[in-house]
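Reading through the structure tokens given below for one structure.
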Amino acid sequence: MIKIAILISLFLASTYLGFQTATVYDEKLKFYQDCTKFLKNIKSEISFFKTDLISMFDKFKFQSKFETLKNSIKDLYIQNKEFNIQDIKNIIDKTIIIDDDEKNKLAQMFFEIGKIGYYEQLEKISYYIQAFDEIESRVEQKKNKMMPFCKKMGAIIGVLLCIILI
Amino acid sequence: MLRDILPDFLNKAISFLKYDDLCEIRLRLKKPISVNYKNSYYFLGYGGLCNETDAIICSKEMIQTIISKASNFSVYAVNDELKEGYLSAGDGIRIGLTGTVVMQDDKVLTTKDFNSLNIRIPHQIFGSAYKISKIIFDENQNVYSTMIIGAPGVGKTTILRDLAVQINKIRKDINILLLDERMEISSPYEGVATLNVGTSTDIICGGKKDFNIINGIRSMAPNVIIVDEIGSKRDISAIEYATNSGVSIVASVHSKDIFEFQKKVEFENIVKSRVFKRYVVLSANEGKGTIENIYDEYMKPVLRFI
């Protein structure tokens, strides 16, 4: 009886792990979707109202981990201390696991924002919208491929473990 | 606040100086930083004033940090100011800047690659316009249209600021409209003046002087308009419109002395038509705000002053 209970628990744990791994891809996709949304929003805010950066950080809210990242970077600005791109990278590391290339681009984006003139800024934002759009579609493809795979793998490993232990 | 816009080490260097005596901080790319302290120029080192060899050398990062902080981390939002070569940093601090001017079809788009900054720190000196206030009222206690003439840095803005206070002290029923295009007279923060500009003073911040003069007359019905640094033909047309509407103008203009002022083509007509009844010439000979002379509308020295 105990053995059956252990086997069922093992199966459930393995399946759960599979589902959890799958949600990482979903989270990452939502993160980039929010990032692009944020960039599009600030582009129109800058074009029409020239709203200052801190107000824009407050104005737009998101459901993904991008919200945590955005708020942590806002705190950097509010503290009014000098910071460099590495400080932003450290914040990204604490918030989400992404590739180095993506991390560099994201850090560069946050570092450059607000530091250049109006026309240059709009051009830069357009560039980043395009760049993060590409990353987003890449992440979406990966998610579509990996999510069902992870879920299935979780269940299969669970079954295999049960068979081995029987 | 000045310390909010400066890098930490510069704040530390400035902390060795008396804030009230600090008028300017000049940063030139790859050159020693200098300050205008007690009306003289000195080099600035990590421990305060120093000689040239010990001075802090200005880097590109320093300039960028100051511009970024002064614009509240939103350089794009201050593009209109950058086009004009300055940046208002709150508390009346104005940063003059030079760099590469980007043009398109004869229009200035922006300024970039900044290479020099002149951080000007305003100081309110109560009573600095006391003497002037005594000779700008006519026998009916109305304010004469007055032109404050002086080279850059002689204290024209400080005098204008105090004139608003002095006029209000003498006649409380006079409505003053202060046109603070570059936000250095009243130093507004969230729309509220942080420096004293009198109790009956309405303030228009930003915008163009000519537009603000005409609209200000229509909307606020002032008795006196105070405006800094006039110079363009449009400004002068607007001033003529104001004086023809019965509004007195107290304005300032860049000129070394009355003779140099008289040579300015733009002002030829208003001098001839005697729009201004008083011309006050300032210098820094005996400290900023030294009154060199006061002239009437016929360009004759005012006897009461002499």
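A few comments on the model shown:
- Residue match in the stretch A:46-53 (condition: of a type outside the set (S, T, Y) and more than 10 Å from chain B (Cβ to nearest Cβ)): yes
- The strands (runs of 3 or more DSSP E) found wholly in the stretch B:72-163 and carrying at least 1 residues that are touching a Ser or Thr at 6+ places or on another chain (Cβ under 6 Å) and farther than 23 Å from B:L22 by Cα occupy B:94-104, B:107-120, B:146-150.
- Taken over the stretch A:13-72, the criterion of being among the β-branched types (V, I, T) and out of contact with any Ser or Thr (no Cβ under 9 Å at 6 or more places or on another chain) is satisfied by A:T15, A:T21, A:T23, A:V24, A:T36.
- Only one of the numbered conditions (1) within 14 Å of chain A (Cβ to nearest Cβ); (2) at positive phi is violated by B:Q141, and that is (1).
- Flag for B:E190 being closer than 22 Å to B:I119 by Cα and within 13 Å of the chain's Cα centre (by Cα): no
- Cβ-Cβ under 8 Å pairs, at least 6 apart or on other chains, the stretch A:1-24 side on the phi < 0 side of the Ramachandran plot, far side modelled with pLDDT under 85 and loosely packed, with under 15 Cβ neighbours inside 10 Å: A:K3/A:L165; A:I6/A:L165; A:L7/A:L165; A:L7/A:I166; A:L10/A:L165
- Looking across the stretch B:1-16, the residues that are closer than 16 Å to B:P122 by Cα and open to solvent by 20 Å² or more (accessible area, probe 1.4 Å) come down to B:M1, B:R3, B:D4.
The values are calculated or read from the model by the stated rules, or taken from the named source; none is laboratory data. What you see is a predicted model; the values in this text were computed from it and never measured. Ideal geometry is used to build each Cβ from the backbone, glycine not excepted, and the neighbour counts take in all protein chains shown. Surface accessibility is based on the protein's heavy atoms, side chains included, excluding ligands, DNA and RNA. Shrake-Rupley method; radii C 1.70, N 1.55, O 1.52, S 1.80 Å.
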